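Here is the structure we will look at, set down as C-alpha cells.
The values are calculated or read from the model by the stated rules, or taken from the named source; none is laboratory data. The shown structure was predicted, so the numbers you read here are calculated from the model rather than taken from an experiment. Quick reminder, even Gly has a Cβ in these numbers, built from the backbone with ideal geometry, and neighbours come from all protein chains shown.
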Amino acid sequence: MNILMDSAKKYIFMVLLLLGVTYTGWLLFKSNEPSAKVAKGEQLRPDLFMKRVTSIETDENGQVIKRLTTPSVLHYQKDDKADLETPVYIIYQSDKKQPWIITALQGTSLQHGKKIILNQQVNIHEKKGTNNDDVLIATSSLTYYPNEQLATTDQHVTIQKPDLLVTAIGMNAYLAQKKIDLLSNTRGVYAPEKATS
C-alpha cells in the first residue's frame, strides 16, 4: 500500500511540476511578445515627416500641370496616409486660363495622392483672366481626385462670381471641363453690373 501511495505522490508531483514548467514557459513567451497597445501605437506614429514641401507634376513636354505646397507633411505607413498642413494645390489649365487654386487649413492625401480630403475653410479659386471671370467656391470639406480633376462635397457650398452668388448643398466640380453640378437646395442671386452712362 505504501508503494502505491509513493507512486501516486510521485505521479501527482510530476504532473504539478510539468504544469508549473509549462505555465512558466507560457509566461516567458507572452512577456517577449509586443503588446497590442504598443503595436497599435507604432501604427499611429508617422514614419516620415517633411517641412516646406513643394511637389510639382509636369506633362510629357515638361510643362507644369500641378503644384502642391504645404509647410508640413506627416506620412503614416498604415493606409499610406499623409496629413498636410494648410495645403495649396494649383491646377494649371492648358487653355490659357488662370489656374485653379485649392486651399484649406487641413488636408489628407490617400492612395498615393489619388485622393485628397480637404477640411476647414476649403476654397477653390480661379482668378480673373483674359478668358475667364473670377470664380470662388467655398465649403467646409471637400474630396479632390487629382487624376480626374474632380472636386466633390456633400456640404454647404457657396459659389461667387462678380455678378452671381449661388449656394447649394453638395457639389461635383469637374475643373478641367469647367462644369459644376450642384446637388440640392440650390439658390442663386444674379446681379448684373449696371452700365455707367
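Quick look at the values:
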quantity	calculated
Matching option when the condition is touching a Lys or Arg at 6+ places or on another chain (Cβ under 6 Å) and assigned by TED's automatic domain parsing to the domain that holds S141, among I90, I117	I90
Residue in segment 57-72 that is modelled with pLDDT of 90 or more, within 17 Å of P46 (Cβ to Cβ), assigned by TED's automatic domain parsing to the domain that holds L118 and buried (at least 17 other Cβ atoms within 10 Å of the Cβ) present	yes
Condition broken by K40, with the remaining ones in (1) surrounded by 10 or more Cβ atoms within 10 Å (Cβ to Cβ); (2) at pLDDT 90 or above; (3) not small (G, A, S) satisfied	(2)
Strands (runs of 3 or more DSSP E) lying entirely in segment 48-101 (those with 1 or more residues that are touching a helix residue (DSSP H, G or I) at 6+ places or on another chain (Cβ under 9 Å))	64-76
Restricting segment 115-143 to residues that are touching a Phe, Trp or Tyr at 6+ places or on another chain (Cβ under 7 Å) and either without any contact (Cβ under 8 Å) to a residue 12 or more places away in the chain or not β-branched (V, I, T) (or both), the residue that is farthest from N185 (Cα to Cα)	K115
Residue list for segment 43-54, restricted to those being surrounded by 11 or more Cβ atoms within 10 Å (Cβ to Cβ) and more than 16 Å from A104 (Cβ to Cβ)	Q43, P46, D47, F49, M50
Restricting segment 163-181 to residues that are more than 12 Å from I124 (Cβ to Cβ) and hydrophobic (A, V, I, L, M, F, W, C), the residue that is farthest from the chain's Cα centre (by Cα)	L164
